[in-house]
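These notes concern the structure reproduced below.
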Amino acid sequence: MAISKVDFIAIVVLGLSILVIQCVVAADMYYSSKIVHRFSDEVRKKLRNVSVVLWPQHRSLEYYGMLMNSDLQRQKMKLGGHEFQLLFPSQGSKTMSLGNDFGWLYYMWVDIGTPNVSFLVALDAGSDLLWVPCECVQCAPLSASYYSSLDKDLNEYNPSGSSTSKFLSCSHQLCELDSNCKNPKQPCPYTVNYVSDDTSTSGVLVEDILHLASGSRMTANSSSRAPITFGCGSKQTGGYLNGVAPDGLMGLGPGEISVPSRLAKAGLVQNSFSLCFKEDDSGRIFFGDQGPASQQTTSFLPSEGQFVTYVVGVESCCLGSSCIEQTNFKAIVDSGTSFSFLPDQIYDRVVKEFDNEVNATKASFEGYPWQYCYKSSSEGLPKIPSFTLKFMKNSTLIVQDPVFVIYGSEGAVGFCLAVESSGIDIGTIGQNFMTGYRMVFDRENLKLGWSRSDCEDLTDSNRLPLAPANGSSPNSLPTEQQNTPNSSGVSPAVAGRTPSNSAAPTSRRMPFKLCLTNLLFHLLLVSSNFRRSLYTLTL
């Protein structure tokens, strides 16, 4: 019997429709499984040989402690078993201010070389190079007798005394003064001139080991040896001969040669670090710290198209509850500056408003550089208006202590607004504006972060995850969930095919994937037959 073209097409469409319906039905098909909690009585009965300690009392402290530790272990497995750690100097994360004799800067002890030698270096986010006195031609005195706050001598680095030391050659990519070299294999010279009048350091660049400790909220502290490049400073000038950084300085800037840059490039930490300063002249430093999620942030701004230092944009300065008009400016964030500076025009507006709000008699105190100083009354200091820096997106940094208190033999005799005019069109956010905050220099995301902090130890054991009170290993899991190193994580409850005694549907229908495969095959077959049929009908 002959078939028309229209009838043929109708038959093909009908057949394909039936297949599509089968696939839709198959898509509605699913497999189910009963989910059983790992600490349930049912699991306990089936695993009689497992210690009873794995089944803590429901909703007890041990119960939640074991669940949390299990979750943390699984989270580490999801991250490939690796968590970025925090690094800090091997002698501890603490920093200290040693007063006027040491330029009011913050210092920390670092160990360099093999065997390690300790150096008391100043912390400076406004420069890049770490340098220490070395093969001295012109260095500051290193004897403790020169410094009333020291109980031990300072050290001089000796390249030949360290088995891991080697000079950086002039052909190295970090050598910036290679044009001064006569031979590409000779040691690379360096010279760094600082903002302070006639303050500089010069010598040659050296590679050696910086001794660090590592820790995280999940791991115990351990030692680390990080290869770094630093300055063998044979000649210092200016402030470096008069008590400021007599035993060296650590530049924390964004330059490639800085310690944070070298640690991040080596893959030891995330490209970030934090500084925290307390009112008692102590603080902490952590390499790799990107701060808490709740911190406030503002973006770093490029300088002449490059990120050569940490510059931020201040939208306005606020005293008390009101913000002063036309007080927007750019500022360098610099831990190497003890106090803060404002551009000339901004400074004039701020100090006049401060003077209007302070109920005190203006005075001058010999030896103090600030212009706006006041006497304190017999009742003590008057109420000081809050000083706030406002940034984009409504981020604000409230300066905890904008004044410098002057003490006499009978207590506080006065105070000064610890802000000066910079003399240029850019300001400086110094240490006194950072006090009371955990300041995060996130170089990876090009932003500055800050959050109120008492400068606690981020690796303190009392901040580690809750451990089982019975002393069992935090890795303890029911037997079926134990994982060997490098193995993939297994979910607490894994659904499989329905067992034979389950109440799930038992009718055998075409699996959805098989249905799609079948449909695709028929489409190809119909397409081929359809072309042949059309050819036959045409004839």
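The values are calculated or read from the model by the stated rules, or taken from the named source; none is laboratory data. Worth saying up front: this structure is predicted, and the values here are computed from it rather than measured. Note that we place each Cβ from the backbone using ideal geometry, even for glycine, and neighbour counts take in every protein chain shown. These accessible areas exclude ligands, DNA and RNA; they are computed on the full protein's heavy atoms, side chains included. Shrake-Rupley method; radii C 1.70, N 1.55, O 1.52, S 1.80 Å.
If you go through segment 378-412 and keep only what is aliphatic (A, V, I, L, M), open to solvent by 30 Å² or more (accessible area, probe 1.4 Å) and in contact (Cβ under 8 Å) with a residue 40 or more places away in the chain, you end up with just Met392. Taking Thr229 as the residue in question, decide whether it is surrounded by fewer than 19 Cβ atoms within 10 Å (Cβ to Cβ), polar (S, T, N, Q), at pLDDT 95 or above and closer than 25 Å to Val308 by Cα. Here the answer is no, as Thr229 does not meet what is asked. In this structure, Ala220 qualifies as surrounded by fewer than 16 Cβ atoms within 10 Å (Cβ to Cβ), hydrophobic (A, V, I, L, M, F, W, C) and modelled with pLDDT under 95. Based on this model, can you work out whether Thr297 counts as within 30 Å of Leu212 (Cβ to Cβ), open to solvent by 20 Å² or more (accessible area, probe 1.4 Å), part of a loop (DSSP other than H, G, I, E, B) and among the β-branched types (Val, Ile, Thr)? Considered against the rule, which asks whether it is within 30 Å of Leu212 (Cβ to Cβ), open to solvent by 20 Å² or more (accessible area, probe 1.4 Å), part of a loop (DSSP other than H, G, I, E, B) and among the β-branched types (Val, Ile, Thr), Thr297 comes out as no.
Against the definition (at pLDDT below 95, surrounded by fewer than 23 Cβ atoms within 10 Å (Cβ to Cβ) and among the hydroxyl-bearing types (Ser, Thr, Tyr)), how does Ser316 come out, yes or no? So Ser316 does not fit the description; no. Only a single item in (1) assigned to a loop (DSSP other than H, G, I, E, B); (2) modelled with pLDDT of 95 or more is not met by Val204, and it is number (1). Looking at Gly436, Gly411, just one residue is over 29 Å from Ala264 (Cα atoms) and either among the aromatic types (Phe, Trp, Tyr) or modelled with pLDDT under 95 (or both), and that residue is Gly411.
Which of the residues spanning segment 128-178 are assigned to a helix (DSSP H, G or I) and not hydrophobic (A, V, I, L, M, F, W, C)? Within segment 128-178, Ser145, Tyr146, Pro159, Ser160, Gly161, Asp178 meet the criteria. Scanning segment 108-127 for residues that are in contact (Cβ under 8 Å) with a residue 60 or more places away in the chain, assigned to a strand (DSSP E or B) and not small (Gly, Ala, Ser) yields Met108, Val110, Asp111, Ile112, Phe119, Leu120, Val121, Leu123, Asp124. Within segment 330-383, the set of residues being of a type in the set (Lys, Arg), more than 29 Å from Val244 (Cβ to Cβ) and outside any loop (DSSP other than H, G, I, E, B) comprises Arg349, Lys352, Lys362, Lys375. Is there a residue in segment 269-278 that is part of a helix (DSSP H, G or I), open to solvent by 10 Å² or more (accessible area, probe 1.4 Å), within 22 Å of Pro292 (Cα to Cα) and of a type in the set (S, T, N, Q)? No, because not a single residue in segment 269-278 is part of a helix (DSSP H, G or I), open to solvent by 10 Å² or more (accessible area, probe 1.4 Å), within 22 Å of Pro292 (Cα to Cα) and of a type in the set (S, T, N, Q).
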